[in-house]
1. Given q = 0.16 Å⁻¹, what are the Debye log10 I(q)/I(0) values for segment 29-72, with equal point scatterers placed on the Cα positions and solvent ignored?
2. Which loop-located trypsin sites (Lys or Arg not before Pro) does segment 44-79 contain, where loop means any DSSP state but H, G, I, E or B and the Cβ has at most 16 other Cβ atoms within 10 Å?
3. Net charge near residue 61, counting Lys/Arg +1 and Asp/Glu -1 over other residues with Cβ under 14 Å of its Cβ?
4. How high is the FRET efficiency from residue 37 to residue 69, r the C-beta distance, R0 25 Å, rounded to 0.05?
5. Once you've got the GNM for the chain with C-alpha springs shorter than 10 Å, pick whichever of 19, 38, 28 has the biggest mean-square fluctuation.
6. Give the residue from 7, 19, 52 lying farthest towards the positive end of the charge dipole for the chain; charges sit on Cβ (+1 for Lys and Arg, -1 for Asp and Glu) and the dipole is referred to the Cα centre.
7. From the Cα gyration tensor of the chain, with a ≥ b ≥ c the square roots of its eigenvalues, which class applies: rounded if a/c is under 1.5, or else prolate if a/b is larger than b/c, or else oblate?
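What follows draws every value from the coordinates through simple rules; no lab data is involved. Quick caveat: nothing in here was measured; it's all calculated off a predicted structure. Neighbour counts run over all protein chains shown; Cβ positions are idealised from the backbone, glycine included.
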Amino acid sequence: MTSPHIAGKEPIAVPVKPGQSYWWCACGQSKKQPFCDGSHKGSSFTPIEFKSESDRTLYFCACKHTKHSPLCDGTHKTL
Ligand code: FES
């Protein structure tokens with residue numbers, strides 16, 4: 001498996017709503033970071049669904065190397 005593209009080196013804050021699905025871009029090629037815009041087609045990557053359970057702001061991974069996808073785990077600091 002190839003490495004995902006690094007879309008950014010800082011997490012992206014997103015206010016999320018309970019019960020709503022969010023499709024996190026795993027390939028790093030989306031122009032609508034941190035979410036999928038279909039650019040992964042033809043690659044080995046697929047987006048990852050995240051469902052929020054509450055109304056809050058979350059920090060989604062933009063470097064695509066987190067071990068805690070789709071959320072930031074600080075890995076961007078090592079890239
Ligand atoms: Fe990256 Fe869909 S555009 S996973």
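1. Values, matching the q order: -0.46.
2. Passing both the DSSP loop test and the Cβ count: 67.
3. With Lys, Arg at +1 and Asp, Glu at -1, the net is +2.
4. Computed FRET efficiency for residue 37 and residue 69: 0.90.
5. 19
6. 7
7. Working: a/c = 2.03, a/b = 1.28, b/c = 1.59.
Since a/c reaches 1.5 but b/c is at least a/b, the shape of the chain is classed as oblate.
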